[in-house]
1. So what are the ³J(HN,Hα) numbers for the range 2-8, from phi and the Karplus equation (6.51, -1.76, 1.60; θ = phi - 60°), rounded to whole Hz, Gly and Pro as x?
2. Using a 10 Å cut-off around each Cβ, can you sort THR171, THR8, THR52 from fewest to most neighbouring Cβ atoms?
3. Arrange the following residues from fewest to most other Cβ atoms within 10 Å of their Cβ: LEU185, LEU167, LEU27.
4. Summing Lys, Arg as +1 and Asp, Glu as -1, what charge do residues with Cβ under 11 Å from the Cβ of GLY40 carry, GLY40 excluded?
5. Tally Lys and Arg at +1 and Asp and Glu at -1 over the other residues with C-beta under 13 Å from the C-beta of LEU64: what net charge comes out?
6. Of ILE143, GLY93, LEU167, which is farthest along the charge dipole of the range 69-186 in the positive direction, counting Lys and Arg as +1 and Asp and Glu as -1 at C-beta?
7. Roughly what would the spin-label model give for ASP192 and LYS57, points 7 Å off Cα along C-beta, in nm?
8. If you put +1 on each Lys and Arg Cβ and -1 on each Asp and Glu Cβ, how big is the dipole of the range 104-237 around its Cα centre, in Debye rounded to 20?
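Just so you know, all these numbers are worked out from the coordinates, no wet-lab data involved. Remember, predicted model here, so these are calculated numbers, not experimental data. Note: ideal-geometry Cβ built from the backbone for every residue, glycine included; neighbour counts use all protein chains shown.
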Amino acid sequence: MQVSVAWTREGAYTAGEDAWAVVIDVLRATSSIGTALAGGARAVRPVDDMQTAFDWKTRDTGCLLAGERNCRPIPGFDLGNSPSAFLAPHVRGRQVVLATTNGSRALASAASSGFAEVLAVSLLNLGAVAEHIVRGHPERLRIVCAGTNGVFSIDDAYVAGALIDRLSDRTRVECDDAGMAACLLHCASARDVPALFLKSRAGRNLLEAGLREDVLFCARVDALNVVPRMTDGVLLL
Ligand code: MLT
């Protein structure tokens, strides 16, 4: 399997119709998506902006609007982007329309870029997604880190390396240089993931917003056995 890594969502372009994409925004969008679906949400629809989310509410009055701007909940939305909040009973059976600064946009671009499969991964569902990829065995896999406002995020890069290492344990993987760098980062930092996440820019932004618990929640490995897959613009199990 040929694996390439993009450090930001601008890299969400396909290398061919048979290529798969896996999108990472560990702090916090893809952690929230896995948690919402594991908690019984019917679907998660990532959207580019707040207005598109409000438009969905007029089409599906039962949906929940979730997301953030500057890490904080958006006025008029039902939920912020704290993963644990998606475990609330009223999320069950509902579509969640998610508008976040980087993650939902990275997913929306990957969904419209012609990949055969688009998946959402975080540390929480790392093993489940790795297993799904090994079984599907695409010839090419593009790992798209959402990044933070168009620049590299070390927390996403760490998860890219963790995913490649999991894949390499099970199958033959050829990485580009960005993939090799992600693996070196994973190897160097695996002993203290919470510390790495708390020191990252995304982690510091969350700390400033009083959301330390969210960072620790997202630093847990293999807590969820879910594989969010994009189908017609929504992530489903
Ligand atoms: C994003 O999409 O940028 C995030 O997930 C940021 C956040 O959760 O605060």
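1. Listing the rounded values in order: 8, 10, 10, 10, 9, 7, 9 Hz.
2. THR171, THR52, THR8
3. So the residues, fewest neighbours to most, are LEU185, LEU167, LEU27.
4. Taking every other residue near GLY40 into account, the sum is +3.
5. Residues near LEU64 contribute +3 overall.
6. Final value for the positive-end residue is GLY93.
7. Result for the modelled spin labels: 4.3 nm.
8. 80
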